[in-house]
Amino acid sequence: MKMKIQHLAWALLGLWAICMPALAHKPSDSYLTLGTFDSGRVDVEWHVSLRDIDGELRLDVDDDGRLTWGEVRGRWAELLGYMQAHLSLSQRDRPCALVPGSDQPPTLASHTDGRYAVLRWQQACMPTSGDIRIDYTLFALTDPTHRGIVRWRAQLPATTDRFEEKGITVLGGDRPAHRLQFATRPAPASLSVASDAPIPGSGLASSPDPDTASSTAETPPTPACEHCFTSCAKAWSTSAPALTMCSFSSPC
Amino acid sequence: MHPKSRPLSRLLILWVIMATSMSAQAAAKLHTPVRDQEVVEVLRERPLSREEREWRTLRAQARLAPSNIALASKVAWQALRWARRDGDPRWLGQAQATLGHWWTQTAPPADIRLLRATILQSNHDFDASLRDLQAVVRDKPGEAQAWLTLAAVLRVRGRPAEALAACEGLVRAGANWHAEVCTQELRGQAGEAAHAMRALDTLASQAPREFRGHIQLVRAELAERDGKPDVAAKLYALMLASDEGDAYVEGAYADLLLDQGQADAVIARLKGRERNDALLLRLAEAYDLAGNPARRTAVQALQARFMAAKSRGDRVHQREEARFTLRLLRQPVAALALARSNWLIQKEAADGLLLVEAALAAGQPQAVDEVHSFMQSVGWHDQRLKARP
């Protein structure tokens, strides 16, 4: 009989859960910025929520619910290793090597839902070897709803420290990989983002939809991506000249 | 919309996503603490409980045996219980991860399918959830939880006749208390508020203690529908004073207090609970009502959270976002679009009332008719709607 009561008490979950907005809190996201240089260098800056990291690495060793800087700082090397193991940059199946000693001292960032660890390092890809593939597996086994919001930036030609924004993509869940595509040189700053799977929930897909297809139907056959890039840059030239996001919805 | 304008609107959406994501990153201030003792994040307002410690051990075991149904169920149900308690979607993610072995299967075992349905409905994927629930009750008609969740999802989707049939399924599954509450709630919505209130009152005095919180919540919501806010307020306050209240009840009580213009009471109750988006929204509205300068920070925080949700493609917050856009950003046309899109998915009283409020503010009363004709078609009554044009 007790079992029955317990079972019925369980049943209460359903009714209550449905009443309550399930996502009363912000879900788990990380913010990853990749800055690419003509030399092939990639600067990685990754903000990952301390709350999420604690769920995996148990940073709060005394379990008091309050994470101190000492608890975080003391585990930084482990934390960095864990993150680096869940982000892979490669070109033609060859990994872009970590640049030894390029990681930056521990620091934090405040986002809207709390503090994030800021992990920064460099990787060395080949200067003109084509696409960079990114594989993102952070928390893939423990929270499939986690997403990495990835921002691409590319060095502006003839500068050393100025970047052009190239796009944002959302990785994680059923979309763990992505290619950053280099178009034919020497076109200036001709990077574009190539989608190989739908962007979750955005209603956008990499496969051409009728509208996009019709807009690209008049395109010269090659290079398709450059055409998309140009048309979108035009569309936004008055309001947001630096933002070129056509590649998300293009069939490139 | 003209088909040619679609690519442009897509670009607009993408531009918003890019701009907001970039600003989210750019806005994040870097900070390197000086002292090791500095608290850099409050994970919980209490130490880790024995239950949570045991759950972590179970989760580790489940990872080693990913196809063990009993173990996965135990870990996932507990995560769902905490998702309800905390309102934190990370728990849903943990529950989903535990079901990874079965997640994409067409017809997983019934116990797993029920869990999957519960997670899907929490993410507002109601159609997929309904498919799973209907399969579970067909294969395992004695599964009370499945009938109960099925009834709840059907009610939220605005299908009361089918929801009532699911309540009857609860009787066959031997869950008589739940069946009664389930039925009375629907009767109350269908214009028999007084009768339902009396029946629920009797139930509350007879039912086992663990049922009472929920019965009181149903009574409070019925009282509101029946145009008796004072009765509802008393019930909410009682629940919150005992251990029967949670963030949902707190939000419902705050709404009622806001309707009555009691902004200071809302501020007193909700200050310190800003991590919860739904409560932060109420707090921001209270600041707004009271002319409190803290409004600005609260609005900025909410804006950042809605933008973050957008950048990852979430649409679960549409009700809250519509309300935020209407009452705090004061953009009725944009709010109406959000409220309408939300109304397509959810048809609870709050969704209808919000759509009406946005439609009137935007000067587009035809949306009000949509709500009224829907209510009429399913036979639902709400005095609050009658009070509006």
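Just so it is clear, none of the values below were taken in a lab; they were calculated from the coordinates. The shown structure was predicted, so the numbers you read here are calculated from the model rather than taken from an experiment. Positions of Cβ are backbone-derived with ideal geometry, glycine not excepted, and every protein chain shown enters the neighbour counts.
Miscellaneous remarks
- Model label points for B:S205 and A:D62, set 7 angstrom from Cα along the Cα-to-Cβ axis, are 5.2 nm apart.
- Cα gyration tensor shape of the range B:227-287, rounded if a/c is under 1.5, else prolate or oblate by comparing a/b with b/c: oblate
- Centre separation in Å (Cα based) which lies between the range B:291-331 and the range B:115-160: 30 Å
- B:H31 paired with A:S88, simple spin-label distance in nm, labels 7 Å along Cα-to-beta-carbon: 3.6 nm
- Peptide A:25-38 - average C-beta neighbours from other chains (10 Å radius): 4
- Only Cα pairs under 8 Å and 6+ residues apart enter the sum, and on that basis the relative contact order of the range B:214-355 stands at 13 percent.
- Shape category assigned to chain B from the gyration tensor of Cα positions, a/c cut at 1.5: rounded
- FRET efficiency, B:K386 to B:Q364 (Cβ-Cβ, R0 25 Å, nearest 0.05): 0.80
- Burial order of peptide ranges B:316-325, B:34-43 (average beta-carbon count within 10 Å, highest first): B:316-325, B:34-43
- Partner chain coverage, peptide B:307-320 - average Cβ within 10 angstrom: 5
- Residue pairs, from the table B:K29/B:K310; B:K140/B:K347; A:K26/B:K271; A:K166/B:K310; B:K347/B:K386, whose Cα atoms sit over 23 Å apart: B:K140/B:K347
- Using the Cβ-Cβ distance between B:F374 and A:M126 with R0 = 45 Å, the FRET efficiency computed as 1/(1 + (r/R0)^6) comes to roughly 0.15.
- FRET E, pair A:D38, B:E38, Förster distance 41 Å, beta-carbon r, rounded to 0.05: 0.50
- Residue by residue along A:110-120, Cβ atoms of other protein chains within 10 Å of the local Cβ number 5 on average.
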